[in-house]
Amino acid sequence: MCLFDTAFNEVIQAEGGLSMDPNDRGNWTSGRINVGELKGTKYGISAMSYPYLDIHNLTMRAAQEIYRKDFWEYLDLHTISKKFPRVARMMFSLGINCGNRNAVKFLQRTINVLNFQENLKIPAMRGSHWQEKILRHLGGKPLKVDGLMGARTMEALLLIPHPDAVAAGVFGEAYKHYAKGKLIYRAGWLNRLGISYLN
């Protein structure tokens, strides 16, 4: 089974079937409660994000293709997954649940935490030449946190030799994001985050 299939199965287990909760803005075509049409969410595909879809009759196969195109391929997770499989799985789930731009911002902040400090001089014996390469790549400035998976973000990420550190950083950024969300959803969000981080 390829990593996309694993990530997709994790999302489906977390998202489940059709939800028509009228108090969830994602279930409304306008993205606002009681405005527009209550079409619901199925397999994590929401009326707010896909107002033109017949959510009720959405098939698993159709949902999988949406996820492949709009999240896995859009975020270039195939490239990321070669060196950072846990990060790819987390970003896939986070892109779906928090939006692609937020998922990339979590990654960009992590890259900055691992690499950037104003006027940093790295002793040669520390073996941190990768940080020097990233600093040169970014012109001595922190990576711009713009939520866009561009060449600068990808190249900086691929220079980092510590996959577990990147995974932990993305987990921490996502945790902070979820901790500020609605209490009723927090446990489910964090459980979902833990599945892709710990497995």
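The values are calculated or read from the model by the stated rules, or taken from the named source; none is laboratory data. Just so we're clear, the structure is a prediction, and the values are computed from it rather than from any experiment. Note: ideal-geometry Cβ built from the backbone for every residue, glycine included; neighbour counts use all protein chains shown.
Residue check, Gly139 against (1) part of a loop (DSSP other than H, G, I, E, B); (2) touching a helix residue (DSSP H, G or I) at 6+ places or on another chain (Cβ under 9 Å), all met but one. Which one?
Answer for Gly139: the failing condition is (2).
Among the residues of the range 129-149, how many are surrounded by 15 or more Cβ atoms within 10 Å (Cβ to Cβ) and closer than 21 Å to Glu73 by Cβ?
So the answer is 2.
Which condition number does Ala47 fail, the rest of (1) at pLDDT 95 or above; (2) farther than 26 Å from Asp5 by Cα being met?
It fails just one condition, (2).
Restrict the check to the range 188-198 and report whether at least one residue is under 22 Å from Glu73 (Cα atoms), at pLDDT 90 or above, touching a Ser or Thr at 6+ places or on another chain (Cβ under 7 Å) and part of a helix (DSSP H, G or I).
no
State all residues of the range 1-48 that are touching a His at 6+ places or on another chain (Cβ under 8 Å) and buried (at least 20 other Cβ atoms within 10 Å of the Cβ); if no residue qualifies, say none.
Phe4, Lys39, Gly40, Lys42, listed by residue number.
With among the small types (Gly, Ala, Ser) and farther than 12 Å from Val170 by Cβ as the only criterion, which of Gly36, Gly95 stands out?
None of the other options fit; the residue is Gly36.
What residue, among those in the range 62-118 that are within 13 Å of the chain's Cα centre (by Cα), on the phi < 0 side of the Ramachandran plot and among the small types (Gly, Ala, Ser), is surrounded by the fewest Cβ atoms within 10 Å (Cβ to Cβ)?
Restricting to residues being within 13 Å of the chain's Cα centre (by Cα), on the phi < 0 side of the Ramachandran plot and among the small types (Gly, Ala, Ser), the top hit is Ser81.
Which ones in the range 6-18 are more than 16 Å from the chain's Cα centre (by Cα) and part of a helix (DSSP H, G or I)?
Gln13, the sole residue that qualifies.
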